[in-house]
1. Going by the conditions given, is Ala97 touching a Leu at 6+ places or on another chain (Cβ under 7 Å), in a loop (DSSP other than H, G, I, E, B) and modelled with pLDDT of 95 or more?
2. I want to confirm something. Restricting to region 331-349 and keeping residues that are without any contact (Cβ under 8 Å) to a residue 40 or more places away in the chain and more than 22 Å from Pro199 (Cα to Cα), which single residue is surrounded by the fewest Cβ atoms within 10 Å (Cβ to Cβ)?
3. Specify which of the listed residues (Ala280, Ala325, Ala288) is of a type outside the set (Val, Ile, Thr), surrounded by fewer than 22 Cβ atoms within 10 Å (Cβ to Cβ) and closer than 23 Å to Leu197 by Cα.
4. Going through region 317-328 one residue at a time, which ones are under 14 Å from Pro229 (Cβ atoms) and outside any helix (DSSP H, G or I)?
5. Would you check if Glu237 is of a type in the set (Asp, Glu), open to solvent by less than 30 Å² (accessible area, probe 1.4 Å) and modelled with pLDDT of 95 or more?
6. Looking at this structure, is Leu189 touching a Pro at 6+ places or on another chain (Cβ under 6 Å) and either surrounded by 18 or more Cβ atoms within 10 Å (Cβ to Cβ) or assigned to a loop (DSSP other than H, G, I, E, B) (or both)?
7. For region 1-48, name all the residues that are within 16 Å of Arg117 (Cβ to Cβ) and not aliphatic (A, V, I, L, M).
8. Output the residues belonging to region 119-136 that are outside any strand (DSSP E or B) and touching a helix residue (DSSP H, G or I) at 6+ places or on another chain (Cβ under 7 Å).
Amino acid sequence: MSVPVALVAGLHGPARAALVDRLLREHPGSVTIHHDLRQVTTGLVIRVVRDANAVLERAEVRLAHGCTTCTVREDLIPQLLRHGPRARLLIVDLWDAVEPRSVAEALDIPELRDELRLTAVLTALDAELTPSDICRGETLAEVGTAGSEGDERHLAEVLARQIEYATALVLPEVLPAPLPQADEDDVDLCRDVLGHLAPTTPVCPPGDPLPPVSGTALCTHELAARVTPATAQLPCEASTPAADTVVWRRARPLHPARFFDAVDSLATETVRSRGRFWLANRPDRMIAWDAVAGIVTIEDAGPWLESLPAAAWDMLPPARRLAAALDWSPDHGDRVQHLVFTGPDLDRGRIHAMLDSCLLADDEPIAGPDDPFAPFLDLPDDTHVDTRQKR
């Protein structure tokens, strides 16, 4: 029988530790493994293994290459296999800057399924800090939590991915009690914000029961489909005291120059935005839009299904075909503009008017000789490299 494995992610160590401690208390016989990556850029990682009563092991681990991927491959998986036979539940306490998707997918492979099964991806959040963290523009290196040498990711984008990939979001009580606790207003504000960022993900406020963590195995392909641009479960229109979410959907192509000119305003006037779009001069390619705290990532997300021969459709995942069917129109196939913007006090009419003005007019030439998106999308041999515009 395989041993259940729960991942616990989160930017803030005290919140993660509080959630891990609760899991250890509520699941006697469980073991947690944590890798301190503070010195990972030098190749040194500190591994701590503990149960509900004591630290079982503390060791220095030297890696050939200092990065999160090496830590998972060279040390985490062997440790999970080593402790699994004696543990009721294995809890992986991820370092601050680690995004859970890469770890989840490393564990969900055929060679491990007889011994380990991934059962939960929980993100522990600080209720007081999360609403401001999602707006912060600093890099991980600037705040001292880089996951590897040359890590250029931003704090807010890592937090967004920790939130959006999780199977549940937890606002734990931080113990011991003398530490500052989030008050009821902080919790309400944080839950409001999370309702915009991940509206279908359960949120567990302080004191509420935790979600099950020892059931059937998760399918990481299904988890990925929730956040992959072509199949992402994007939020719907919403307006609450904390924020607004504005959805823009159209079935006409965008003029590349006019849309490029609007990118700055769209990125800086909103906190989080996601989606996929269709450029008039690239009719066969879906383009992904991802922005948080003013940092925009634009990348080629592969072909629209309408541009593929019918025989190729059977080779695609069901989620991809379903997403295309939901967007399908007789004139344009699955080509669509679907962008979602979240932030405080958003002016829906202004955002719609700005984007509508970027649509290609009837009988208008597709584009001039210069394509402003070319530096972002015409990448040799690898269309999956993120090109960031720092605002």
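1. Numbers: touching a Leu at 6+ places or on another chain (Cβ under 7 Å): yes; in a loop (DSSP other than H, G, I, E, B): yes; modelled with pLDDT of 95 or more: no.
Answer is no for this residue.
2. Filtering region 331-349 for residues without any contact (Cβ under 8 Å) to a residue 40 or more places away in the chain gives 333-334, 347, 349.
Filter once more, so that each one left must be more than 22 Å from Pro199 (Cα to Cα): 333-334, 349.
Numbers: Gly333: 16, Asp334: 22, Gly349: 9.
Here the answer is Gly349.
3. Values: Ala280 fails: closer than 23 Å to Leu197 by Cα; Ala325 fails: closer than 23 Å to Leu197 by Cα.
That would be Ala288, the only listed residue that is of a type outside the set (Val, Ile, Thr), surrounded by fewer than 22 Cβ atoms within 10 Å (Cβ to Cβ) and closer than 23 Å to Leu197 by Cα.
4. Initially, region 317-328 is screened for residues under 14 Å from Pro229 (Cβ atoms), giving 317, 319-320, 323-324, 327.
Selection gives Pro317 alone.
5. The answer is no for Glu237.
6. Details: touching a Pro at 6+ places or on another chain (Cβ under 6 Å): yes; either surrounded by 18 or more Cβ atoms within 10 Å (Cβ to Cβ) or assigned to a loop (DSSP other than H, G, I, E, B) (or both): yes.
Yes: the conditions hold for Leu189.
7. Ser2, Pro4, His27, Ser30 - these are the residues of region 1-48 that are within 16 Å of Arg117 (Cβ to Cβ) and not aliphatic (A, V, I, L, M).
8. Taking region 119-136 first, the residues outside any strand (DSSP E or B) are 125-136.
If the condition is that a residue be outside any strand (DSSP E or B) and touching a helix residue (DSSP H, G or I) at 6+ places or on another chain (Cβ under 7 Å), then Leu125, Asp126, Ala127, Glu128, Thr130, Pro131, Asp133, Ile134, Cys135, Arg136 are the ones that fit.
The values are calculated or read from the model by the stated rules, or taken from the named source; none is laboratory data. The structure displayed is predicted, hence computed values, not measured ones. For neighbour counting, all protein chains shown are included, and Cβ atoms are generated from backbone atoms with ideal geometry for every residue, glycine included. Surface accessibility is based on the protein's heavy atoms, side chains included, excluding ligands, DNA and RNA. Shrake-Rupley method; radii C 1.70, N 1.55, O 1.52, S 1.80 Å.
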